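Visitor: Below is a structure I'd like to ask you about.
The values are calculated or read from the model by the stated rules, or taken from the named source; none is laboratory data. A quick note: this is a predicted structure, and the numbers were derived from the prediction, not measured. Reconstructed Cβ throughout: ideal geometry from the backbone, glycine too, with neighbour counts over all protein chains shown. The accessibility values were calculated without ligands, DNA or RNA, using every heavy atom of the protein model including side chains. Shrake-Rupley method; radii C 1.70, N 1.55, O 1.52, S 1.80 Å.
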Amino acid sequence: MVAAEQAVPLRQEVNGTRITLWTAPDLDPAVATRTLDIAADVLRNYQARWGAYPLRELELVQVNPSGALGIAWTGLLFLDGPTLLEGYGERNDDGLAAVIAHEVSHLWWGILVGGDSNAYGYIPEGLATVSALLYIDDAFGPDVAREELNAWALEPSRRLLRDGDAIVNVPASDDQDASIRYATLYGKGTLGFLAIRQAIGAEAFDAALRQISREYAWKEMTPAELQAAFEAASGQDLQGLWTHWFDESAMTDAEIENLAAIFE
């Protein structure tokens, strides 16, 4: 729930879903319009790629959170005002689109398809980041997709490797270093799913996630069930690849640089 004395609504409809962006009265109207246009375009893209979005309303609300550019809830997205809308929105259109695409994808990965995000945080965060990168590639082209891939996944993974690497599949805990956890979930976790996509092909990867969005709609999915979906779609045994990326600390520079070329 968000309570505010004043908020300006801006609306669009996408395939039966009304999207409403609520912003502060002093936000640049051009930024608000661009933000809503991006959200609508992302929703169209994901419905075509992953399957229909089942809710009739989606609310995006300008807030001032601590430590996050966006936060996704069921049918409700928080968007950071000072940094994302006022900062990225005025100077970094690609970055604005990447953050919105990441948060909208959580409507599928983490909300429609549920699971234990404390135990297996790399599942919703890795799939959300991959989804956002695929959208950026579709909407802005491979050059921009490579820039966002570098910012979201490659550089965090390189930093993680310089610190000795880490296992992705580790439950959240209060004593974890926040920067390492970020690099592990968003960086290495994203690269793990991109490595699977590279191994099985884009068509099988998309088919597996479409099947997941149908089979586990409003249910919980385990990592083993996600792995099985990729294997069923591709006809490949992915145990070694899955274990390497998510259950071991054995990432190499060569693997990172190989995935750096995925959008060429």
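Visitor: Over all directions, the average projected area of the alpha-carbon convex hull for the chain comes to how many nm²?
Guide: That works out to 13.4 nm².
Visitor: Per 0.36 nm of contour for each residue apart, how much would the distance between Ala217 and Arg91 grow if the chain were fully extended, relative to their Cα-Cα spacing?
Guide: Once the chain is fully extended between Ala217 and Arg91, it gains 41.6 nm.
Visitor: By the gyration tensor of its Cα atoms, with a ≥ b ≥ c the square roots of the eigenvalues, what is the shape of segment 101-194: rounded for a/c under 1.5, prolate for a/b over b/c, or oblate?
Guide: Oblate shape, in that a/c is at least 1.5 and b/c is the bigger or equal ratio.
Visitor: Now for a different question. Using just the alpha carbons, could you tell me how many Å³ per residue the convex hull of segment 1-54 encloses?
Guide: Roughly 79 Å³ of hull volume per residue.
Visitor: Measure nothing fancy, just the Cα-based angle from helix 202-215's long axis to the longest principal axis of the chain, in degrees from 0 to 90, nearest 10.
Guide: That works out to roughly 70 degrees.
Visitor: If you average the sequence gap of Cα pairs under 8 Å that are 6 or more apart and divide by the length of the chain, what percent do you get for the contact order?
Guide: RCO, the chain: 17 percent.
Visitor: While we're looking at this one, here's another question. With everything on Cα atoms, drop me the angle between helix 93-105 and the longest principal axis of the chain, reported from 0 to 90° to the nearest 10.
Guide: Value to nearest ten degrees: 70.
Visitor: Roughly speaking, what is the stretch gain from Ala250 to Thr20, that is 0.36 nm per residue apart minus the C-alpha to C-alpha distance, in nm to one decimal?
Guide: Between Ala250 and Thr20, full extension yields an extra 78.4 nm.
Visitor: Same structure again: With a ≥ b ≥ c taken as the square roots of the eigenvalues of the C-alpha gyration tensor of segment 54-211, please select rounded if a/c is under 1.5 and otherwise prolate if a/b is larger than b/c or oblate if it is not?
Guide: rounded
Visitor: Say each of Ser173 and Arg44 gets a label point 7 Å from the Cα, pointing the same way as Cα to Cβ; how far apart are those two points in nm?
Guide: Computed distance between label sites Ser173 and Arg44 equals 4.7 nm.
Visitor: Pop out the carbon and sulfur fraction of the accessible area of segment 100-169 as a percent, whole number, probe 1.4 Å.
Guide: Taking all protein chains in place, segment 100-169 shows 42 percent carbon and sulfur surface.
Visitor: If you average the sequence gap of Cα pairs under 8 Å that are 6 or more apart and divide by the length of segment 1-53, what percent do you get for the contact order?
Guide: The normalised contact order for segment 1-53 reaches 31 percent.
Visitor: While we're here: Could you tell me the center-to-center distance, by alpha carbons, between segment 18-36 and segment 170-196 in angstrom?
Guide: 32
Visitor: For segment 215-262, what's the radius of gyration and Dmax over Cα atoms, in angstrom?
Guide: 13.5, 39
Visitor: Subtracting the Cα-Cα distance from 0.36 nm times the residue separation, let me have the gained length for Thr83 to Ser117 in nm, one decimal.
Guide: Contour length minus Cα-Cα distance gives 9.7 nm.
Visitor: Rounded to the nearest 10 degrees, what's the angle between the helix 223-234 long axis and the longest principal axis of the chain, both from Cα atoms, 0 to 90?
Guide: In the chain, helix 223-234 runs at an angle near 80 degrees to the longest axis.
Visitor: Quickly work out the Asn258-to-Ala224 label distance, labels modelled 7 Å from Cα along the C-beta direction, and quote it in nm with one decimal.
Guide: Taking the two extended label points, one gets 2.8 nm.
Visitor: Sticking with this structure for a sec: log₁₀ I(q)/I(0) of segment 184-264 at q = 0.15, 0.18, 0.25, 0.27 Å⁻¹, via Debye over equal Cα point scatterers, no solvent, to two decimals?
Guide: -0.54, -0.78, -1.31, -1.41
Visitor: Further, regarding this structure: For n ≥ 4 DSSP H runs only, could you compute -39500 (n - 2.57) per run for the chain, divide by its residues and tell me the 222 nm figure to the nearest 500?
Guide: Rounded to the nearest 500, it is -15000 deg cm²/dmol.
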